[in-house]
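First comes the structure, then the notes that go with it.
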Amino acid sequence: MALIESVDLCKRYTSGAKTLDVLRGITLTIEQGEFVAIIGPSGAGKSTLLHLLGWLDPPGSGDVRFDGRSFQAASERQRAQVRNRRIGFVFQSYHLLMELTALENVMLPSVIQGARESMRRAEELLEFVGLSDRLTHRPNQLSGGEQQRVAIARALCNDPDALLCDEPTGNLDSANGARIVELLRGAQRDRRKTVVLVTHERDLAASADRIIRLRDGEIVNA
């Protein structure tokens, strides 16, 4: 069953007299429960594609459907609800709030949504990522790998259908990078999440069920 679909997706940026076509007619389908890696050289459009698939940015033309719902037909409120409740995001820069503890950072999405028992769920997720002994630590007391694990726990807090991950191992050494990918694989396997991973590291991409290769804003192999 398709969870994420893009149809003739295009994105163009204009600066003065210059125009850059970042994505050129991307059509793809990602199934529920699939682990997909998106790879390609720098400037290929990987991060732009991920942002559009996650409803973070509007397409220039074309459409993105999430579980059958059209981005173009949705209101801004409906788009925000999809982003908050059904998609978890993990970025290369961890985007943790430095003044909050690991537990408080993980709780944030559910607090915004107004969910009950957010502390209990945050504690369970920090245990899942192996950080049950770091609940009260602030980000500056954690290693890079630990911060990224907190970010993954936060992304899972609202029990989303999909995790969209943009170079989540880019700031980590190979051992910590491999651990992050194993956590994402565990989220897919044990929690039935759809995972979309943008990476330039071929060995990490090899762990995915399917690899989508981008070059110059187009799919060259899927």
Inset, instruction - Inspect the stretch 68-77 for any residue being farther than 20 Å from Glu167 by Cβ, outside any strand (DSSP E or B), free of Cβ contacts under 8 Å to residues at least 60 places away in the same chain and polar (S, T, N, Q) and give the result as yes or no. - result: yes
Inset, instruction - Specify the residue that is modelled with the lowest pLDDT; the eligible residues are those in the stretch 108-121 that are among the charged types (D, E, K, R) and either within 19 Å of the chain's Cα centre (by Cα) or exposed (fewer than 13 other Cβ atoms within 10 Å of the Cβ) (or both). - result: Arg116
Inset, instruction - Among residues belonging to the stretch 157-191 that are at pLDDT 95 or above and touching a Gly at 6+ places or on another chain (Cβ under 6 Å), point out the one that is surrounded by the fewest Cβ atoms within 10 Å (Cβ to Cβ). - result: Pro160
Inset, instruction - For the stretch 141-181, name all the residues that are over 23 Å from Val111 (Cβ atoms), more than 15 Å from the chain's Cα centre (by Cα) and free of Cβ contacts under 8 Å to residues at least 60 places away in the same chain. - result: Ser143, Gly144, Gly145, Leu172, Asp173, Ser174, Ala175, Asn176, Gly177, Ala178, Arg179
Legend entry - Residue ID - farthest from the chain's Cα centre (by Cα), chosen from residues in the stretch 192-220 that are over 19 Å from Gln92 (Cβ atoms) and assigned to a loop (DSSP other than H, G, I, E, B): Asp216
Legend entry - Any chance Arg79 is at pLDDT 95 or above and out of contact with any helix residue (DSSP H, G or I) (no Cβ under 9 Å at 6 or more places or on another chain): yes
Legend entry - Output for the stretch 40-55, where each listed residue is assigned to a loop (DSSP other than H, G, I, E, B) and in contact with a Leu (Cβ under 8 Å, 6 or more places away or on another chain): Gly40, Ala44, Gly45, Gly54
Inset, instruction - Can you confirm whether the stretch 30-39 contains a residue that is in contact with a Cys (Cβ under 6 Å, 6 or more places away or on another chain) and outside any loop (DSSP other than H, G, I, E, B)? - result: no
Inset, instruction - Could you grab the pairs with beta carbons closer than 8 Å, sequence gap of 6+ or different chains, first residue in the stretch 5-21 and modelled with pLDDT of 85 or more, second one outside any strand (DSSP E or B) and β-branched (Val, Ile, Thr)? - result: Lys11/Thr48
Legend entry - the stretch 130-182: number of residues that are within 21 Å of Val36 (Cβ to Cβ), in contact with an Asp or Glu (Cβ under 8 Å, 6 or more places away or on another chain) and part of a loop (DSSP other than H, G, I, E, B): 2
Legend entry - Pair list, Cβ < 8 Å and 6+ apart or interchain, from the stretch 125-140 residues that are on the phi > 0 side of the Ramachandran plot to residues that are of a type in the set (D, E, K, R): Gly130/Arg149
Legend entry - For Asn105: the one exception among (1) without any contact (Cβ under 8 Å) to a residue 40 or more places away in the chain; (2) crowded, with 21+ Cβ neighbours inside 10 Å; (3) not basic (Lys, Arg): (1)
Legend entry - Residues that are in contact with a Leu (Cβ under 6 Å, 6 or more places away or on another chain) and either loosely packed, with under 15 Cβ neighbours inside 10 Å or more than 18 Å from Ser61 (Cβ to Cβ) (or both), drawn from the stretch 5-25: Tyr13
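The values are calculated or read from the model by the stated rules, or taken from the named source; none is laboratory data. Everything numeric here is computed off the predicted structure, so don't read it as measured data. Virtual Cβ from ideal backbone geometry, glycine too; neighbours counted across all protein chains shown.
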